[in-house]
1. Who wins for biggest fluctuation among TYR337, TYR82, TYR91 in a Gaussian network model of the chain, springs between alpha carbons below 10 Å?
2. Want the number for ARG195 to GLN14: 0.36 nm per residue separation, take away the alpha-carbon distance, what's left?
3. Between GLU66 and LEU209, what length in nm is gained on full extension when 0.36 nm per residue of separation is reduced by their alpha carbon distance?
4. Rounded to the nearest 500, what is the 222 nm mean residue ellipticity of the chain from helices alone, with -39500 (n - 2.57) per DSSP H run of 4+ residues and division by all residues?
5. Which residue, VAL38, VAL96, VAL289, has the most motion in a Gaussian network model of the chain that connects Cα atoms within less than 10 Å?
6. Just tell me the longest site-free run in the chain, where the sites are trypsin sites (Lys or Arg not before Pro) in a DSSP loop having at most 14 other beta-carbon atoms within 10 Å.
7. Using DSSP to define loop residues, name the GluC sites (Glu not before Pro) in segment 282-360 whose beta-carbon has at most 15 other beta-carbon atoms within 10 Å.
8. Any idea which of THR211, PRO57, LEU112 is furthest toward the positive side of the dipole for the chain, if Lys and Arg beta-carbons carry +1 and Asp and Glu beta-carbons -1?
Amino acid sequence: MAKIDAFFQLMHEQGSSDLHLVSGQQPALRIRGEIERVKYNVLENDELKAMLYEIAPEHKIKQFEETGDIDFAYEIPGLARYRANFFQQKYGVAAVFREIPSKILTCQDLGLPSVISKLASLPRGLVLVTGPTGSGKSTTLAAIIDEANRLRKDHIITIEDPIEFVHQSQGCIVNHREVGVHTKSFTAALRGALREDPDIILVGELRDLETISLAVEAASTGHLVFGTLHTTSAAKTIDRVIEVFPSEEQMQIRSTLADGLRAVIAQVLFKRIDKKGRCAALEILIANVAVRNLIRESKTFQIPSMIQTGRKFGMQLLDDGIMDLLNKGWISADEAYAKCNDKAKFRPFLKTPPADFTEV
């Protein structure tokens, strides 16, 4: 048993999402969205480096020594998997570990709207799950992939850096590929995937022009492609995809994206006040004929209005999702106000509305 495993055990017992180990500081856990110190000695650089190197693969240590940054996955059988990131900082080494539960929660377990689970049955197209770092994108995607794995008889390929949720093949054959271990890059893996008879492709992160271009191409050539972006709304997600391309190609990609896009889910995580845990508020855009026309005609600014009128298709604005959680008594008015888009809508719920300097 590695020395660091005791921290992972504590992390699991406390229901923590992240573990922070930093030279010159005490260890810390992120519990329900907030950092809390662990009663432990201040970590010295050499002590922490020895602890971290004990669990890192040799080739990753070499890469870390050369570049100052690495990502990899670490697993404790029977407990959980962890996404690890090591980095150099002013006072020495530091590391952050994100716990990835060994049990994959279903869409029903997560309380996701029924339209989300239906995305697993799509024959083809592009589905984007977006949100800030740590907003639960991977958990939502894992639930959708799990749904497809149970109900379909297809080939699923996941491309991640590193591999997070591990799906055991059920109705589907599932192949997991890790960037830097099983393939050189997202781009190389995507290009290869098109020759590997996939039905469903999960791309852990759409980082650059080439990856986005290949994902859109795969979606338009008969594959169901899931991917993530760090955007905060459906309209901004579509703009981000288009703006990655050179200006002379943007009209063409608008047309291709309009044909291939099936849904955008933007989500934000909240701390629950009624019980321990967290919950997500979602913005859901379903790409019906009207939405596709807006994308083609460069009218993405009208998408929020289209979402409002598309409730019968399962669409929902983020603020409506937040309001629903607030009305249920699951989240605090202060956090709802902090994370919503339309501040005026949530201001009446605050006991002492703050003066927002950004709106002066």
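1. TYR91
2. On the way: separation 181, 0.36 × 181 = 65.16 nm, distance 4.44 nm.
Using 0.36 nm per residue and subtracting the Cα-Cα distance, I get 60.7 nm.
3. Values: separation 143, 0.36 × 143 = 51.48 nm, distance 2.65 nm.
Contour length minus Cα-Cα distance gives 48.8 nm.
4. Numbers: 14 runs with 126 residues, N = 360.
-10000 deg cm²/dmol, from helical runs alone.
5. Checking each option, the largest mean-square fluctuation is seen for VAL289.
6. Working: sites that count: LYS3, LYS39, LYS90, LYS103, LYS153, LYS184, ARG195, LYS275, LYS276, LYS299, LYS351.
Between exposed loop sites, the widest span is 196-274.
7. On the way: sites: GLU283, GLU297, GLU335, GLU359; in loops: GLU297.
Listed in order of number, the matching sites are GLU297.
8. Towards the positive end, the residue furthest out is LEU112.
Coordinate-derived values only; no laboratory data. Remember, it's a predicted structure, so these values are computed and weren't measured experimentally. Using ideal geometry, Cβ is built from the backbone for each residue, glycine included, and neighbour counts are taken over all protein chains shown.
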